[in-house]
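Down below is the structure, laid out as structure tokens.
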Amino acid sequence: MNNFVEKIGRRSLIIIISDFFDHVKEILHQLKHFQFKKNEVILFHILDPYELKFPFETVTFFESMEDERHILADPKSIKQQYLSEMNSFLDQFKQSCFENQIDYWLIDSSTPMDQALIKFLARRESSLQSVRFGK
């Protein structure tokens, strides 16, 4: 990402779309390079509905998309812990973005991207008007 940051010559709008399954501190450190050069950063955090809700009911074979790990598990025995860790990850990431003035938007991948972008832009416009008019 550092090479990319160096190639941006002037102030820009940087939009990153990812699942952000990596070390939050490392990601934010990289994003601060964009901000240092006065770029505006917007993150679209895309997750599958199954990642967000963990709707599995029967013994399931889980395969990692990031590496070669595989696990056969009873979802009922791990659901609460999984959701707790996922929600902790999301809360930490969102809070870190807020603290670093990075615009953050969580998107369920079952939502069509155009609808997600329209909702984002409507929220952004509403926020900008509130700031402009002191609402």
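Rule-based calculations on the coordinates, nothing more; no lab input. Just so we're clear, the structure is a prediction, and the values are computed from it rather than from any experiment. Cβ placement follows ideal geometry from the backbone for every residue including glycine, while neighbour counts extend to all protein chains displayed.
On the basis of the beta-carbon distance and an R0 of 35 Å, S18 and V59 show a calculated FRET efficiency of 0.70.
Each peptide in 39-45, 93-99 was scored by the mean count of other Cβ atoms within 10 Å over its residues; highest first, the order is 39-45, 93-99.
Each of S12, I71, M113 was placed along the dipole of the chain (beta-carbon charges, centred on the mean Cα), and the one lying farthest toward the positive end is S12. Here the chain is treated as a Stokes sphere of Kirkwood radius computed over C-alpha pairs; at 25 °C and 0.890 mPa s its diffusion coefficient rounds to 143 µm²/s.
Amide H to amide H distances under 5 Å link Y104 with L43, where only residues 5 or more positions off or on other chains count and H is placed in the peptide plane. Compared with the direct C-alpha span, the chain from E51 to S126 gains 24.0 nm at full extension, assuming 0.36 nm per residue. Expressed to the nearest 5 percent, the antiparallel share of DSSP beta bridges inside the chain is 25 percent. In a simple Cβ point-charge model (Lys, Arg +1; Asp, Glu -1; nothing else charged), the chain has a dipole of about 1020 debye relative to its Cα centre.
Quick one: which of K53/K76; K76/K119; K37/K119 span more than 22 angstrom between C-alpha atoms? Numbers along the way, then the final one.
Numbers: K53/K76 12 Å; K76/K119 34 Å; K37/K119 28 Å.
From K53/K76; K76/K119; K37/K119, over 22 Å: K76/K119; K37/K119.
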